[in-house]
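Report on the following structure.
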Amino acid sequence: MDELAKRCEAVCRVLVDESPVVTLLVNDKFEILEARGPVEDVLGMDAAELSGRGLASLRPKEVPPHVSPIGPTHLSGKGFWSEVAVGRADGGSRVVSLEVLPLDDNLLIVRMS
């Protein structure tokens, strides 16, 4: 690996792992393939627990009245939503900003802060 590739990899690692934003890699069936970042702080669970779960598992049981729960509408293409409710492991919910970036035809990057 050349020096530029090493630096690019290091930058990506910092942006994904050390950012205050949860980053999910999601396939076209809305299954979470990987979770990185402050997953424990935002969702109350370990990142490894999310791997293989459907994104629907992040829908909260109760939704605050002024927001919509995370769902397929938010993942239909590239976009940014300022208030989306996600469920936490403790049964509560959290309102997050959501950014969706298509990586290719089969993968999405979903970022929550």
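Every read-out reported here was derived from the displayed coordinates using simple, explicitly stated rules and does not represent laboratory data. Values in this document were obtained by computation on a predicted structure and should not be read as measured data. Don't worry about glycine lacking a Cβ; one is built from the backbone with ideal geometry, like all the others, and counts go over all protein chains shown.
Only beta bridges with both residues in region 3-112 are counted; by DSSP, about 90 percent of them are antiparallel.
Annotation: extensible slack from Asn106 through Ser19 equals 28.9 nm (criterion: 0.36 nm per residue apart, minus Cα-Cα distance).
Along the chain, counting only GluC sites (Glu not before Pro) with a DSSP assignment other than H, G, I, E or B and at most 13 other Cβ atoms inside a 10 Å radius, the longest segment between sites is 63-113. With coordinates expressed along the principal axes, the C-alpha atoms belonging to the chain extend over 51, 28, 25 Å, beginning with the largest. For region 1-107, applying the loop criterion from DSSP together with a ceiling of 16 other beta carbons within 10 Å to the trypsin sites (Lys or Arg not before Pro) yields Lys29, Arg53, Lys61, Lys78, Arg88. The ranking of Leu101, Leu108, Leu75 from fewest to most other beta carbons within 10 Å of each one's beta carbon is Leu101, Leu75, Leu108. A helix-only calculation puts the chain at -5500 deg cm²/dmol for mean residue ellipticity at 222 nm, using -39500 (n - 2.57) for each DSSP H run of at least four residues, averaged over all residues.
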